[in-house]
Amino acid sequence: MNEKMAVHTSVPGSGTTTTTGSTSSSTSSGQLKRKEIYKYVAPWTIYAMSWSVRHDKRFRLAIGSYIEEYNNKVQIVTLDESSSEFMAKTTFDHPYPTTKIMWIPDMKANLPDLLATSGDYLRIWRLNQDNESTMECLLNNNKNSDFCAPLTSFDWNEADPNLIGTSSIDTTCTIWGLETGQAIGRTNVLSGQVKTQLIAHDKEVYDIAFSGAGGGRDIFASVGADGSVRMFDLRHLEHSTIIYEDPQHLPLLRLAWSKQNSYLLATFALDSNEVIIIDIRAPCTPTARLKNHRGFIDGISWAPHSASHICTAGDDHQALIWDLQQLPRTIEDPILAYQADGEINQIQWSLAQPDWIAICYNNCLEILRV
């Protein structure tokens, strides 16, 4: 059969059930069928993608184009649950492809509806009730030069949404302070200033992520072309801790902290088909290596509601969910596998709706019920 196969499991849970060729399920009472997969086809190749975290904006995502020219796009799409169709709510121009997109981590919708993008600079956008977008501010820490060092990634601090950390090819990480605490309805232009900038690595920095440890505000880690994972504390920036180094000094492309276990983080190297799990209490030696991918890894995302589940995706068209509950015993196989129709370049587990995962491949966005 050429149809897709989804393995449907309750996460966390003890068993798995398989559904082949069908993307719907129904209840015994004969209620309307509930789809397991929804798909949106964009007018261009998708690279960056982000779930909205607000509870009042169910099934809203932002996607960014990958077009090899200056003029690129960011699009806000929302699933219409009554028609089971994705609708493009707004599209706006973006210089260069977005290296990352992220909504403000404001689940209770107490703050303005903001979206951040990275590329040549960090930009903050505001969406109004009519889904119209305006750029609130452009954050540039290199005002003495006509040239900018592109930003590879950034992270918005969940514990303090006034903090955003960026990583750059110029070997630095910058922590920005925003003024996001305006009352909703006020139209003051958002502003931001550099709180600190530090040389984080010996070569390009490819990713940055805040940890949930110690209240979730001050500790962050970064990875880069020197093959190391380094951990920093905003209260003690005079030193950092190298918690892992790739044995071949291969560049490390991404990292992600577990949402429920602040000791665990995941990373992967350039042109690698395995994901490294690190326990910072036993640094330098991987706690686990997840090896089932048959192609290079492109994305990782921890479950927001479980300390032991992580999703990985790659060039082999596969999205895999792993259960790490048996650590430090070897984790041989994933508990869920999904085969897409192309190389998956982004994957993200929804923070507001933990039973949904989004993936991007080619010009397609799919959300999958897990």
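The single condition from (1) in a strand (DSSP E or B); (2) of a type in the set (Gly, Ala, Ser); (3) under 19 Å from the mean Cα position of the chain (by Cα) that Ala307 fails is (1).
If a residue must be assigned to a loop (DSSP other than H, G, I, E, B), under 13 Å from Ser228 (Cβ atoms) and of a type in the set (S, T, N, Q), how many such residues does segment 245-288 contain? Reasoning before the result, please.
Looking only at segment 245-288, we keep the residues that are assigned to a loop (DSSP other than H, G, I, E, B), and these are 246-251, 258-263, 270-274, 280-287.
With under 13 Å from Ser228 (Cβ atoms) added as a condition, the list becomes 246-251, 283-284.
Cutting the leftovers down to of a type in the set (S, T, N, Q) gives us 248.
Adding up the residues that qualify gives 1.
Per the listing Gln348, Gln353, the residue uniquely out of contact with any His (no Cβ under 8 Å at 6 or more places or on another chain), under 30 Å from Gly214 (Cβ atoms) and at pLDDT 95 or above is Gln348.
Among residues of segment 159-184 that are under 12 Å from Ser222 (Cα atoms) and crowded, with 21+ Cβ neighbours inside 10 Å, those with a Cβ under 7 angstrom from a residue that is charged (D, E, K, R) and at pLDDT 95 or above, sequence gap 6+ or separate chain, pair up as Gly165/Asp155; Ser167/Asp207.
Listed here are the residues, each with its yes/no results for (1) within 24 Å of Glu366 (Cα to Cα); (2) hydrophobic (A, V, I, L, M, F, W, C); (3) modelled with pLDDT under 95.
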{"site": "Thr98", "(1), (2), (3)": "yes, no, no"}
{"site": "Leu127", "(1), (2), (3)": "yes, yes, yes"}
{"site": "Asp130", "(1), (2), (3)": "no, no, yes"}
{"site": "Lys143", "(1), (2), (3)": "no, no, yes"}
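One residue stands out in segment 186-237 among those that are under 30 Å from Thr134 (Cα atoms) and of a type in the set (Lys, Arg): the one that is farthest from the chain's Cα centre (by Cα), namely Arg186.
Can you confirm whether segment 112-122 contains a residue that is buried (at least 18 other Cβ atoms within 10 Å of the Cβ), without any contact (Cβ under 8 Å) to a residue 60 or more places away in the chain and farther than 22 Å from Lys195 by Cβ? Checked against the condition, which is being buried (at least 18 other Cβ atoms within 10 Å of the Cβ), without any contact (Cβ under 8 Å) to a residue 60 or more places away in the chain and farther than 22 Å from Lys195 by Cβ, segment 112-122 yields at least one hit. Kindly evaluate Arg289 against the criterion of being of a type in the set (Lys, Arg), closer than 22 Å to Glu245 by Cα and at pLDDT 95 or above. Yes; evaluated as a whole, the condition is true for this residue. The residues of segment 154-167 that are outside any loop (DSSP other than H, G, I, E, B) and in contact with a Pro (Cβ under 7 Å, 6 or more places away or on another chain) amount to a single one, Trp156.
The values are calculated or read from the model by the stated rules, or taken from the named source; none is laboratory data. These numbers were taken from a predicted model, which means no experiment stands behind them. No Cβ is skipped: glycine too gets one built from the backbone with ideal geometry, and neighbour counts run over all protein chains shown.
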